[in-house]
1. Let me make sure I get this right: for the range 203-302, a, b and c are the square roots of the gyration tensor eigenvalues over alpha carbons, sorted descending. Under 1.5 in a/c it's rounded, otherwise prolate if a/b > b/c, else oblate. Which is it?
2. Please list, in order along the range 355-367, the HN-Hα scalar couplings obtained from phi with the Karplus expression 6.51 cos²θ - 1.76 cosθ + 1.60 (θ = phi - 60°), rounded to whole Hz, x for Gly and Pro.
3. Would you kindly state how much longer the chain becomes between R317 and R285 on full extension, computed as 0.36 nm times their sequence separation minus their alpha carbon distance, in nm to one decimal?
4. Taking all protein chains as present, what is the carbon and sulfur share of the accessible area of the chain, in % to the nearest whole number, probe 1.4 Å?
5. Under the rule of at least 5 residues apart or a separate chain, name every residue whose amide H is placed under 5 Å from the amide H of S295.
6. Which loop-located GluC sites (Glu not before Pro) does the range 1-105 contain, where loop means any DSSP state but H, G, I, E or B and the Cβ has at most 10 other Cβ atoms within 10 Å?
7. For the pair V221 and E357, how long in nm is the line joining their label points, each one 7 Å along Cα→Cβ?
8. How large is the accessible surface per residue of the range 71-217, computed with a 1.4 Å probe and reported in Å² as a whole number?
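The values are calculated or read from the model by the stated rules, or taken from the named source; none is laboratory data. These numbers were taken from a predicted model, which means no experiment stands behind them. Please note: Cβ atoms are built from the backbone with ideal geometry, for glycine as well, and neighbour counts cover all protein chains shown. In case anyone asks, the SASA skips ligands and DNA or RNA and just uses the protein heavy atoms, side chains included. Shrake-Rupley method; radii C 1.70, N 1.55, O 1.52, S 1.80 Å.
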Amino acid sequence: MSEIRPWRTIERRQSRQIMVGNVPVGGDAPITVQTMTNTPTEDAAATIGQIRRCEDAGADIIRVSCPTEEATAALPLIVRAASIPIVADIHFHYKRALEAADAGAACLRINPGNIGSSARVAEVVRAAKANGCAIRIGVNAGSLEKDLLEKYGEPCPEALVESALDHIKLLQDHDFHEYKVAVKASDVFLAVAAYMGLAEAVDCPLHLGITEAGGLIGGTVKSSIGMGNLMWAGIGDTIRVSLSAEPEQEVRVGFEMLKALGLRTRGVRVVSCPSCARQGFDVIRTVQALEDRLSHIKTPLSLSVLGCVVNGPGEARETDIGLTGGGQGKHMVYLSGVKDHHIDDAGMLDHIVALVEAKAAEIEAGMSDTGHADDGAQRVPEAAE
């Protein structure tokens, strides 16, 4: 929280904490970022390769589909190769859940209601307990139970919440409490209202998502409106941005949401202008190139890139490194908010990349000296952060 700037304060909903592998979810833990592989799980090599790319992008947890025996048979190798917890995505076939739990999955994503009889749910719970698995209850507006659709006439917030509560009771009846819950919908209004209703009814961690949100741009906008609204209200303990895009992109978008809200910091936070006729250099292409070349930086720091002196100096005062366009190809570089030197067009990109890398190394060295490191906890980036 920020006592200096109270308008930035987000009061997180108090939920109990569960463990997904070695990653805490809920309570005072940072909001975690998840994604899901789209490779055939039985192709362990391809799945592991995609998981590694997602780990590099910053994923905290990753889900894999387990629809077949061949998929769960590949899980032990995948789990051993991954450095982040694996969630096994289970639909209908309770035996796949049993196999996934035995194979080392950290969490089972199920709908207890479509697993089958109470006896089958009991079997899944026993396997989860025996293997230290959490369970994620996944309610979706597109697959609501028939009786709830008949009762309410259509998917609505009340129907989603009732479905979640019914599923929670199935687990609680078997004395299982290591669960988190999602009530997803592709309709932003429906999803937000359902999550808000559920947040008032339960104390378990909530997994946020706007399901089937769309492509990279449209889906990012929808997800940011819905999930951003909820997280700003303090709701949400783990998130997955559902995009028709590669899973690494989902992770990046998720982190950008958290960075924008000051809930987590990772990598370079870029402040840049939309560009106009006053620009002293090609802002759009410069920012694109810098984001690409600085994607390997994991240390939290800030960079402003503005095309002219109207707002450039002011923004530069609030960032670690600033670049402001000047006349005749001479641009101003700011370090820690203070104008430091000029740079011309030739070599400008290489120069800024080198400055950012040096600043990241300096910050990392300071963290090592003090024994502190960024744990992703909620805080608001300040000027020199």
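1. Working: a/c = 2.03, a/b = 1.74, b/c = 1.16.
Judged from the Cα gyration tensor, the range 203-302 comes out prolate (a/c at least 1.5, a/b above b/c).
2. Karplus values, whole Hz, x for Gly and Pro: 5, 5, 4, 5, 5, 4, 5, 5, 5, 4, 5, x, 5.
3. On the way: separation 32, 0.36 × 32 = 11.52 nm, distance 2.31 nm.
Gain on extension, R317 to R285, equals 9.2 nm.
4. On the way: 8960 of 16890 Å².
Carbon and sulfur: 53 percent of the exposed surface of the chain.
5. Amide H neighbours of S295: none.
6. Working: sites: E3, E11, E42, E55, E69, E70, E99; in loops: E3, E11, E42.
Of the GluC sites (Glu not before Pro), the ones in loops of the range 1-105 whose Cβ has at most 10 other Cβ atoms within 10 Å are E3, E11.
7. So the label points at V221 and E357 sit 3.7 nm apart.
8. Values: 5940 Å² over 147 residues.
For the range 71-217, the per-residue accessible area is 40 Å².
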